[in-house]
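This report concerns only the one structure given below.
The values are calculated or read from the model by the stated rules, or taken from the named source; none is laboratory data. These numbers come from a predicted model, not from an experiment. Virtual Cβ from ideal backbone geometry, glycine too; neighbours counted across all protein chains shown. Quick note on the areas: whole protein, heavy atoms, side chains included, nothing else; ligands and nucleic acids left out. Shrake-Rupley method; radii C 1.70, N 1.55, O 1.52, S 1.80 Å.
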Amino acid sequence: MAEMETVYVIDDDASVRAAIEDLLLSVGLSVSAFGATRDFLTHLELSPPEGPACLVLDIRMPGQSGLEFRRQMLELGLRFPTIFITGHGDIPMSVEAMKTGAIEFLAKPFRDQDLLDAIQQGIALDRQRRVQDGLLQELRSRWDSLSGGEQSVLTGVVRGLLNKQIAGELDVSEITIKVRRSQAMRKMEAGSVAELVRMLEKLDIR
């Protein structure tokens, strides 16, 4: 079963929200539109997306601007690919928008196809992110399943130490190190030391 793809729209202009909503619904996308950033955040708390999502965000709004909200999103750990739209765009503003990690900057009135293309790019990027997050979570679960002793052995292995050297550091027998190393490599599903090194780099374990 395919994951639900969701597009969030934040624009204080009700007519713009309605037009974008109609466009997205016409191509089979699920859309949730909001007139203010706070309403969007409240919605996310109650109903986070179940599949890939992206955000269409007006850059000029009363109170908190789109740029300010994009920075707040990053601080909150909200990593939705973001498409900025504006009726009063200029080059410095577009540069600033892209610095925040936005994937597109569209000046109103924009072509429907340009918006749809940007949204498809955003959905694809978020799907890829969700897959990577899932793989990282699985890797973290494997690491957490190791005993403290097994973790200590593997950190020694990735430092390039021999079993004998690790045994000396941990004050246990070399046989114990061999057993722990074998068990830990199996639990991590690491087929080689090189693969183990890459795994621990992804987990940011030194």
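Points to keep in mind about this one:
- Only listed residue being free of Cβ contacts under 8 Å to residues at least 12 places away in the same chain, open to solvent by 60 Å² or more (accessible area, probe 1.4 Å), farther than 30 Å from Leu200 by Cβ and within 22 Å of the chain's Cα centre (by Cα), chosen from Gln128, Gln132, Gln120, Gln113: Gln120
- Residue in segment 82-93 that is among the acidic types (Asp, Glu), under 21 Å from Thr6 (Cβ atoms) and free of Cβ contacts under 8 Å to residues at least 60 places away in the same chain present: no
- Restricting the first member to segment 9-30 and to residues that are aliphatic (A, V, I, L, M), and the second to residues that are assigned to a loop (DSSP other than H, G, I, E, B), the beta-carbon pairs closer than 7 Å and six or more apart or on different chains are Ala14/Gly35; Leu29/Glu5.
- Of residues in segment 86-110 being within 22 Å of the chain's Cα centre (by Cα) and within 18 Å of Tyr8 (Cβ to Cβ), the one surrounded by the fewest Cβ atoms within 10 Å (Cβ to Cβ): Gly101
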